1. Could you tell me whether the range 565-669 comes out rounded, prolate or oblate from its Cα gyration tensor? Rule is a ≥ b ≥ c as square roots of the eigenvalues, rounded for a/c under 1.5, then prolate if a/b exceeds b/c, otherwise oblate.
2. Let me make sure I get this right: for the range 641-715, a, b and c are the square roots of the gyration tensor eigenvalues over alpha carbons, sorted descending. Under 1.5 in a/c it's rounded, otherwise prolate if a/b > b/c, else oblate. Which is it?
3. When a/c is below 1.5 the answer is rounded, else prolate if a/b is larger than b/c, else oblate, so apply that to the range 492-615 with a ≥ b ≥ c taken from the square roots of the Cα gyration tensor eigenvalues.
4. Sequence-distant or interchain residues sharing an amide H contact under 5 Å with C293, placed H: which?
5. Describe numerically, in nm with one decimal, the distance between label points set 7 Å from Cα along Cα→Cβ at E630 and at T759.
6. Given the C-alpha centroids of the range 330-378 and the range 109-128, what is the distance between them in whole angstrom?
7. Can you compute the FRET efficiency between T820 and M58 using 1/(1 + (r/R0)^6), with r the Cβ-Cβ distance and R0 = 45 Å? Round to the nearest 0.05.
8. I'd like the Karplus ³J(HN,Hα) series for the range 711-718: coefficients 6.51, -1.76, 1.60, θ = phi - 60°, whole numbers in Hz, and an x wherever there's a Gly or Pro.
Amino acid sequence: MDSFIEIRGARENNLKNISLRIPKNKLVVFTGLSGSGKSTLALDTLQKECQRQYMESMGMVTDFISKPKVDAIIGLSPSISIDQRNNNRNPRSTVGTVTEVFTYLRILFAKLGVRNCPHCGELIRQPFETDMEAAMMACPACGEKVPELSMSHFSFNKPEGACPECKGLGVVNTPDLEQLLNVDSSINDGAIRIWDKFYIDRYSESIESAGSFYGFEISANDPLKSYGQVQMDFLLYGALSPQFCRHFPDVKPPKTVPEGRFEGVITNIERRHSEVKNGSGDKLSSIFHQRICPECNGVRLRKESIAVTVGGINIIELCQKSLDDVLDWIKKLPSCTAPDALLIARPVIDDLEQRIKRLLDVGVGYLNMERAAVTLSAGEAQRLRLASLLGSGLTGVLYVLDEPTTGLHARDTKRLIEVFKKLRDLGNTVLIIEHDLEIMQAADYIVDFGPGAGKNGGEIVAAGTTDDVAACELSVTGRYLSGTNKIGVPEKRRSGNGKFISIHNAKKHNLKNINVDLPLGMLVSLTGVSGSGKSTLLFDILGREAEIYFGHLKEKPEHLQIGGFENVSDIITIDQSPIGKTSRSNAATYTDVFTYIRDLYASLPEAKKKKFQPKHFSFNVPGGRCEKCEGNGELSISMHFLPDVQVKCPVCHGKRFQKSILEVKYKGFSISDVLQMTIAEAAGVFGEIWPIMDRLSVLQKVGLGYLGLGQSATTLSGGEAQRIKLAKELGKRTNGHTLYLLDEPTTGLHPHDVKKLITLLNELVGQGNTVITVEHDLDVIAMSDWMIDFGPEGGDAGGEIIAQGTPEEVMKISHSQTGTCLKTILI
């Protein structure tokens with residue numbers, strides 16, 4: 001029994017009372033059609049119960065945490081879950097900080113750094129035997145005292161190192177005081193009065209400088225006592241509130257404010273204004289102008305810190321290099337370091353080298369350290385966390401990973417498999433939710449869920465080795481593993497309509513001044529290893545300029561050399577950004593199908609009798625919703641040092657609505673019941689209601705029939721969010737030739753669902769449109785009429801077009817990474 005995790009009677013969501021024995025210390029893959037139940041068992045049952053039992057072992061009360069619907073789970077291990085969510089929204093977090101590579105570099109620069117003496121210009125070296133804050137050392141040439149620089153001086157998150165103008169943000173916010181005078185008092189009352197002692201302590205220097213700038217005498221040590229809250233509002237935010245104007249009618253401040261005076265506080269104002277109703281938030285956001293800091297030119301550090309070099313380069317220049325290049329720099333560092341200094345630095349160099357190698361192993365070597373964490377894709381963020389686990393040395397742990405190959409080029413999958421095997425060989429159980437056939441073929445044990453999705457799933461179709469699953473006739477996954485089912489290639493590729501969109505001299509980010517013609521009337525795939533420049537070309541250049549050209553984006557064009565927009569009538573850009581940032585957003589609300597459902601319920605006799613209107617069937621506004629949870633159906637319980645826990649609302653028991661609303665039913669279903677349905681189930685209920693069915697059928701076409709109508713947008717993967725957007729756009733009537741830009745639409749799809757998606761994309765092209773997609777899925781690439789391959793690598797080593805043509809033509813080009821991988825499908 002100790003060699004297995006045994007699950008008995010799992011019934012969460014669509015699971016049909018399943019039982020399973022998972023071998024420990026093995027590489028295990030959960031697979032199956034999208035929505036078949038694999039994530040429910042891995043994350044909502046197994047991982048959740050691991051967390052609950054861990055908290056019980058810590059002596060914590062867990063009565064408020066609902067136990068998963070399972071009879072028993074025996075043989076549990078401590079677990080670590082690595083999902084698809086990138087929850088780091090801190091603007092100061094970068095790849096360097098979250099991986100701690102930047103921390104190690106700061107140590108090296110504090111110990112090994114050299115710089116010119118500000119008095120005589122001679123080269124001086126850091127006194128590596130000390131690390132005292134604000135210590136002084138003497139220049140060996142002129143004897144003058146020079147401030148010693150510690151680790152803190154190389155961090156843009158520390159006062160000692162941050163640029164004094166932008167406080168380490170790299171940008172400054174300038175409020176337009178003339179416009180702020182016109183901001184109505186309700187917004188000031190509701191949003192600007194957010195000051196407390198924490199912010200006073202943090203921004204004491206800004207307070208004093210602001211007071212001096214406006215001719216006021218104020219002490220940052222006791223600002224409220226010496227000046228009062230209303231006046232502090234003005235000084236701290238650069239905003240003339242109506243209250244301030246009444247108290248000081250004679251004050252006439254200048255119409256501009258020096259850059260950086262109010263670092264940090266503008267963000268607070270804008271965040272608070274987003275809560276302001278009646279649309280005033282948009283008005284306020286236009287008042288503040290963000291610009292690159294003129295003091296540091298956006299690099300965040302003080303000039304004194306930037307002047308320090310190690311190995312002939314400063315820390316900013318190093319952070320702008322890819323991790324691949326940083327590793328080369330690290331390897332060369334001992335040869336150019338003095339023996340006495342190397343004796344001190346060797347442990348740091350060795351540890352840093354191993355840390356970067358682990359990042360390369362998970363396929364993110366193209367990233368640079370200054371890349372903001374908020375800009376990482378879900379797959380990139382997940383692989384960064386995975387790399388950190390490789391260095392932990394933990395054993396006896398259950399690792400649960402959710403589709404780690406998301407956004408990864410086929411070339412890098414083998415390296416990722418080796419990472420999983422390393423974790424397994426340390427004595428851990430590695431459980432992966434995955435659709436990638438190469439990952440399945442490397443697994444020790446596979447559990448295939450199905451046979452369908454939603455209510456047609458929730459069963460274990462096959463379990464065993466790869467050969468066992470491939471031999472199971474009932475397993476859809478098995479048929480793809482055995483090669484019985486294939487997506488295949490088209491008999492004839494389209495030649496397009498003879499027109500193009502031409503891009504000349506593209507050089508944004510890592511693109512190296514490239515020229516490219518994108519053929520119209522085709523299914524076109526942009527391919528290449530991660531970070532090679534394909535997304536930059538499609539979305540940052542073509543997409544942005546096209547959105548401006550067609551009037552969808554109110555920004556100034558960059559006057560790039562792009563021709564051919566006159567050959568299309570409109571553009572639709574569909575990326576993987578969330579469809580909503582709160583739990584209130586879902587597929588039903590985003591696609592407007594819920595509007596028609598609410599109208600239907602409001603038209604029912606029982607609703608008319610009680611004088612209910614469509615708004616009463618909304619969980620977003622007062623009226624019919626449960627006011628205890630405000631229509632969320634659950635309450636958030638703070639766990640302090642642990643993540644918050646969500647529990648069912650004790651009043652509505654998760655129904656989200658008041659009892660009187662729930663009494664109104666259509667075919668026996670309340671509005672709450674509808675939100676609990678999958679899209680496929682809802683289609684069966686509302687089949688004769690055309691406006692509802694029209695939208696539900698499109699959602700099914702993009703492979704989302706398994707998705708819950710009311711499933712929170714915050715729980716959706718990037719691929720699911722993108723397909724919901726695609727469904728919404730497909731539900732509209734387009735005129736003429738439309739250009740569709742897609743960002744890896746196959747994310748999270750089983751090969752069987754990929755086949756359905758390809759059929760849909762081909763339908764769009766067959767109607768006279770053009771579909772251009774950034775894609776890693778070899779099946780989609782092989783089905784494309786034309787492909788453009790970027791590379792040769794990612795980051796600085798990318799940004800070039802390696803090959804273009806039909807998949808058969810690219811396959812023959814030896815230096816194309818994608819072409820090499822395509823041979824497994826086309827030959």
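1. It comes out oblate by the Cα gyration axes.
2. On the way: a/c = 3.62, a/b = 1.33, b/c = 2.72.
Oblate, since a/c reaches 1.5 and b/c is not below a/b.
3. Prolate, because a/c is 1.5 or more and a/b exceeds b/c.
4. Here the answer is V171, V172, G298, since their amide H atoms fall under 5 Å of that of C293.
5. Distance between the two pseudo-spin positions: 4.4 nm.
6. For the range 330-378 versus the range 109-128, the Cα centre distance is 22 Å.
7. Using R0 = 45 Å, I get an efficiency of 0.35.
8. 5, 4, 4, 5, 9, 7, 6, x
The values are calculated or read from the model by the stated rules, or taken from the named source; none is laboratory data. The shown structure was predicted, so the numbers you read here are calculated from the model rather than taken from an experiment. All Cβ positions, glycine included, derive from the backbone under ideal geometry; neighbour counts span all protein chains shown. The protein model used for the area step is the full one, side chains on, heavy atoms only, and it has no ligands, DNA or RNA in it. Shrake-Rupley method; radii C 1.70, N 1.55, O 1.52, S 1.80 Å.
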